[in-house]
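To keep things clear, I will list the structure first and then write my remarks on it.
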Ligand code: SF4
């Protein structure tokens with residue numbers, strides 16, 4: 001039996017796929033087979049429910065010392081589009097967010113500001129807790145956590161303890177890109193290593209802080225490196241069970257040095273849907289997969305609900321990072337629109353909190 005045949009057998013008997021089988025499924029390129037298989041897994045996990053959340057994104061700054069070639073968001077202090085929110089700016093945003101009916105999550109991710117120290121981020125979290133005491137705080141990627149540790153001299157565990165003590169309820173899943181140091185050396189050489197990313201997640205999970213996970217594909221990585229990335233996430237989930245949801249990010253090359261250097265174009269919707277369905281089949285120990293509409297556009301995100309996704313993410317408010325890289329989607333959306341988009345597919349919209357508890 002070849003790897004493709006054994007992959008098909010394992011999928012029909014709900015067994016775990018190995019590396020060769022995953023690669024064989026990728027090469028086979030049978031999109032509708034992957035879709036149907038992933039849809040079945042999704043429905044076994046979460047039935048006819050499709051989740052969404054009412055959330056707000058806060059990007060504190062775009063001034064960054066890392067200068068990653070993959071990034072269109074960063075800039076240097078003094079550039080004309082540089083911004084850094086001070087605490088009273090955050091306070092104004094929170095007063096505004098407090099008016100949003102049913103708000104359940106504030107999501108905070110930012111660049112690696114060269115001079116803002118850890119206390120600035122802790123004070124931001126305290127402010128969210130003060131103005132929105134009942135709202136979940138999904139904040140900071142492992143890349144930011146390693147940066148806080150470097151800046152403060154605290155261990156990663158102590159940084160996480162401090163954030164938990166002040167109100168962070170879950171960690172953001174970004175910054176994973178591709179968990180290969182060969183790739184990271186080219187696309188984001190100053191970000192934490194693959195091992196550090198995984199270790200921050202392991203530490204967070206061991207402290208009881210749940211997190212999301214992600215992959216960013218469609219740049220200079222090989223398909224083998226994508227598959228190895230998924231297997232690393234699956235292994236860690238086996239060990240800790242701490243990942244809540246998986247997000248897949250196609251690389252947006254517009255306005256990036258990486259895009260120019262390698263003459264990259266954004267991968268097509270075929271690749272987006274294939275990667276989603278394949279990831280759903282590989283990550284058998286993850287319950288939730290987001291179709292992040294900002295990345296995919298709303299029409300493709302809707303279609304993704306038949307390729308293994310069970311979550312359209314949220315209303316957002318004002319997303320900046322992905323739009324800096326050329327995303328053409330809107331920066332926010334209403335609850336009613338998300339519900340309509342879900343209902344059109346025959347699934348049932350379910351408003352959720354950060355941990356997929358229905359609201
Ligand atoms: S990807 Fe993040 S760390 Fe890298 S330059 Fe952009 S904002 Fe900075």
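A count restricted to region 349-359 and to residues that are within 21 Å of residue 296 (Cβ to Cβ) and either without any contact (Cβ under 8 Å) to a residue 12 or more places away in the chain or not in a loop (DSSP other than H, G, I, E, B) (or both) stands at 4. Scanning region 247-274 for residues that are part of a helix (DSSP H, G or I) and buried (at least 23 other Cβ atoms within 10 Å of the Cβ) yields a total of 2.
The set of residues in region 185-219 that are within 15 Å of the ligand (Cβ to nearest atom), more than 23 Å from residue 290 (Cβ to Cβ) and without any contact (Cβ under 8 Å) to a residue 60 or more places away in the chain comprises 185, 193, 196.
Here residue 172 clears all of (1) within 13 Å of the ligand (Cβ to nearest atom); (2) farther than 21 Å from residue 314 by Cα except the condition numbered (2).
Taken together, the values in this text are just the output of simple stated rules run on the coordinates, not laboratory data. In this text the structure is predicted, and so the values were computed from the model without any measurement. In this analysis, Cβ positions are derived from the backbone assuming ideal geometry, glycine residues included, and neighbour counts consider all displayed protein chains.
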